[in-house]
Every structure is written in C-alpha cells, then in structure tokens.
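Below is one structure, written out as structure tokens; comments come after it.
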Amino acid sequence: MNIPTFFFKFRSYTPIPLILILLYQSSPVLQWIITGLVLIILGESTRFWAILYAGGATRTRNVGASELVTAGPYGLIRNPLYLGNIIIYLGVVFVAGGLWMWQLLVITLAFFTWQYSQIITLEEDTLLGIFGEEYRQYQEHVPRIFPRFSAWHKPGDEDFQRLSVGKALKPEKSTLINIGMMLILIFGKLLLF
C-alpha cells in the first residue's frame, strides 16, 4: 500500500496521536476557546455545505465518484471537506489552548496539509481516469484548497439538486459526534484536574 492510499484509507484515524497530545497538554483559556469555537463552526459549516452537494458519497473507503460535483462550494474549491477539516482541527487546537498551543497549530496545519496533499493527488488521478477532460477543465478553473472569490459554473450546474438538510445531517453525524467528544474531553479534563 502506497502513502496516498494509506492516508486515504485511514484518514479518520491518523489524527488520533495529535488529538491525544492536544488532550494531554490542554489548558483552555476563554479568549482562545471563543476563537476555537468560531473556527470549529466555520469548518463544520464548510463541511456541511459541501455535503449538501456531494452527499454521503464522501464517506466512502473507495476512491472515486459516480458523478463530478462542481456546484455549490465545489465551484469555489475542489476540496471543501478537507478545508473544513483543517479549519475544525485548528479550532480544536485553540480550544485546547495550553503551553504548546502555537507549536501545535503549526504541527496541525503542516500535518493536514501534507496528509491531504497525498490524498488529493490519489483522488485527482482517479477522477481524471473516470471523468477525463471534464475533470481536467474543472481543475483548470477551480483551485485545489484555497477558494476562488467567485464560483465557477459549468453548464448544467444550475440544475443540480442538493440534498435536504436532514439527508445531509445523516452522513455528517459521525463528524459532529467526534467534534463533540473532543470538546467534552478537553473541558472534562479541565473540570477533573
């Protein structure tokens, strides 16, 4: 198994060592808690917006897609879910605070930038194989991870039907639970110690 495939397959588990370090050194401070919660809400909003368009297909262990989604946030950025994840994890670092907060912010950003660059390369190679020129054109117009200022639209995007909020919440449930658990553990440590 190559590195991109490993990171794709185990992307839900690779942050665990980082989370354990955050929990160990956490010492929340009000000003950083507020900053962190704002970032977590921004990151989760980004993720949720993306899921309204891509649906639960993003929760797969197989690389690929049955259709190329370019509407909604996908007209601004090719990987809104990964951007949302990075923002969420940076928010968790702020909430955790602690002596190493600034170093952990840099480590968190570097780790996820590297991990997602590996995963995105694998996904892009696969999507080029599936969608060919249509995906190549999408790559030319929509940036990988830093959003455009205005959405790019391909013909037919205006007809795209997004999910209802209820249907989008279902695949996002585990992410919300994970965020909640991290916050409970951080604040629980504060109360217990």
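A few remarks follow.
- Residue that is surrounded by the fewest Cβ atoms within 10 Å (Cβ to Cβ) [pool: residues in the stretch 1-28 that are farther than 23 Å from residue 126 by Cβ and either in contact with a His (Cβ under 9 Å, 6 or more places away or on another chain) or hydroxyl-bearing (Ser, Thr, Tyr) (or both)]: 24
- Close pairs from the stretch 174-193: first closer than 21 Å to residue 85 by Cβ, partner basic (Lys, Arg) and at pLDDT 90 or above, Cβ under 9 Å, at least 6 apart: 175/47
- Just one of (1) at pLDDT 95 or above; (2) out of contact with any helix residue (DSSP H, G or I) (no Cβ under 7 Å at 6 or more places or on another chain); (3) of a type outside the set (D, E, K, R); (4) under 26 Å from residue 151 (Cβ atoms) fails for residue 57. It is (1).
- Filtered residues of the stretch 86-106 (kept if more than 20 Å from residue 147 (Cβ to Cβ), of a type in the set (Val, Ile, Thr) and in contact with a Leu (Cβ under 7 Å, 6 or more places away or on another chain)): 92, 93, 95
- Here residue 120 meets each of (1) of a type in the set (Val, Ile, Thr); (2) under 30 Å from residue 193 (Cα atoms); (3) touching a residue at least 12 places away in the same chain (Cβ under 8 Å) with one exception, condition (2).
- First in the stretch 89-114 and without any contact (Cβ under 8 Å) to a residue 24 or more places away in the chain and closer than 10 Å to residue 26 by Cβ, second anywhere and among the β-branched types (Val, Ile, Thr) and surrounded by fewer than 22 Cβ atoms within 10 Å (Cβ to Cβ), Cβ under 6 Å, 6 or more apart: none
- For the stretch 90-143, taking the residues that are within 30 Å of residue 186 (Cα to Cα) and touching a Pro at 6+ places or on another chain (Cβ under 7 Å), the one that is surrounded by the fewest Cβ atoms within 10 Å (Cβ to Cβ) is identified as 118.
The values are calculated or read from the model by the stated rules, or taken from the named source; none is laboratory data. Note that this is a predicted model, so its numbers are computed, not measured. Methodologically, a virtual Cβ is constructed for each residue, glycine included, from the backbone with ideal geometry; neighbour enumeration extends over all protein chains shown.
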